Amino acid sequence: KQLIELQEKLKQNQEIYEQEKINFTLKEKLIHQIETINKKLEKDEEIYQRYLDLYNLSSGKNEARVSLERYVLATYFEHMLLYANRIFKQLTQGRYQLIRKDEAEKGRKQQGLELDVFDQESGQLRGIKTLSGGESFKAALSLALGLSDVIQSYSGGVLVDTLFIDEGFGTLDAESREQAINTLVNLAGSNKLIGIISHVEELQERIDKKIIVEKGQDGSNIK
C-alpha cells in the first residue's frame, strides 16, 4: 500500500517536474530574448544620446544658450555691425559703438543677437536700452543702413538702393537732426534713394523732392 502511494506521488511529482521543465525552458528562452533586446537597446541608447546631445547643442540648450541658427545669424550680425558702426560713429561724433553681447543673461532662453553700446566718454559697455530716444533712432538708422550693405555684399547681384524711414526725426535735437540729414543726403548722393516720412517742418524745407499729403473734407489729397 505504501509502495502504491509512493508510486502515485512520484507520478504526480514527475508531471510537476515536466511542467516546470517546460516553464523553465520558456523562461530561459524569454531571458535570452530580453538579453538580446537589452544589447540592442544599449547600442540604440548610445546612438540616441549622441543625437540628443547634438540636438541640445544645436537647439540652444548649451552653456552659451545659442542655437545653431542664431550662431550663423550672429556671424552675419557681426558683419552688419561693421557697416553700421561707421555710420553710428559719424552720427554720434565718435562717441558710441554697437557691440554684440556675448555673455548669457539669466532667464533668457535664447542668446546671441543682443546688443550693448560702448561709450567712448566713460570707456564702458552699457545696455542698448540706456540710449535716449534720439540716440536709439540713430542706432536704428545705422543698423538699417548696415543691413542693406551686408545684403549687397553677400548677395552679389542684389542691389538695395532704396530706404524708407518712417518718422523718428522728431525725437532728435537740432544738432542730431542735422547730422542725420547730412548722412542721408550723402547716401542719396551715392546712387541711393532715401525716402523720409515725417511731419518735421525742417525736413520739408531741406528736401526738394517730396509728396505732401493734405487732409480735406472729401478725404486726403497729395501733391
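The values are calculated or read from the model by the stated rules, or taken from the named source; none is laboratory data. Owing to the predicted nature of the structure, the values given are computational and were not obtained by experimental measurement. Methodologically, a virtual Cβ is constructed for each residue, glycine included, from the backbone with ideal geometry; neighbour enumeration extends over all protein chains shown. Surface areas here come from the heavy atoms of the whole protein model, side chains and all, with no ligands, DNA or RNA. Shrake-Rupley method; radii C 1.70, N 1.55, O 1.52, S 1.80 Å.
Laid out as a table, the results:
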| quantity | calculated |
| --- | --- |
| Option label - log10 I(q)/I(0) by the Debye sum over Cα atoms at q = 0.09, 0.13, 0.15 Å⁻¹ computed here, alternatives (1) -0.46, -0.94, -1.19; (2) -0.60, -0.93, -1.09; (3) -0.39, -0.77, -0.98 | (2) |
| In sequence order, calculated HN-Hα J values of segment 196-212 (Karplus, 6.51, -1.76, 1.60; Hz; x Gly/Pro) | 10, 9, 7, 9, 6, 5, 4, 5, 4, 6, 7, 9, 7, 8, 8, 10, 9 |
| Most mobile of Y17, Y51, Y154 in a GNM of the chain (Cα contacts under 10 Å) | Y17 |
| Relative contact order (%) - criterion: Cα under 8 Å, at least six apart; region: the chain | 13 percent |
| Total lysine pairs whose alpha carbons fall under 28 Å of each other in segment 72-223 (8 or more apart, or interchain) | 19 |
| Cα centroid separation - segment 12-85 against segment 120-144, whole Å | 47 Å |
| Accessible-area ranking of R50, R100, largest first, probe 1.4 Å | R50, R100 |
| Tail beyond 20 Å, pair distance distribution of segment 35-125 (Cα, percent) | 55 percent |
| Prolate/oblate/rounded label for segment 161-223 (Cα gyration tensor, a/c 1.5) | oblate |
| Within the chain, percent of DSSP bridges classed antiparallel, to nearest 5 | 70 percent |
| Peptide ranges 69-80, 88-99 listed from the most packed, as the mean C-beta count within 10 angstrom indicates | 88-99, 69-80 |
| Accessible-area ranking of D166, D53, D119, D208, largest first, probe 1.4 Å | D208, D166, D53, D119 |
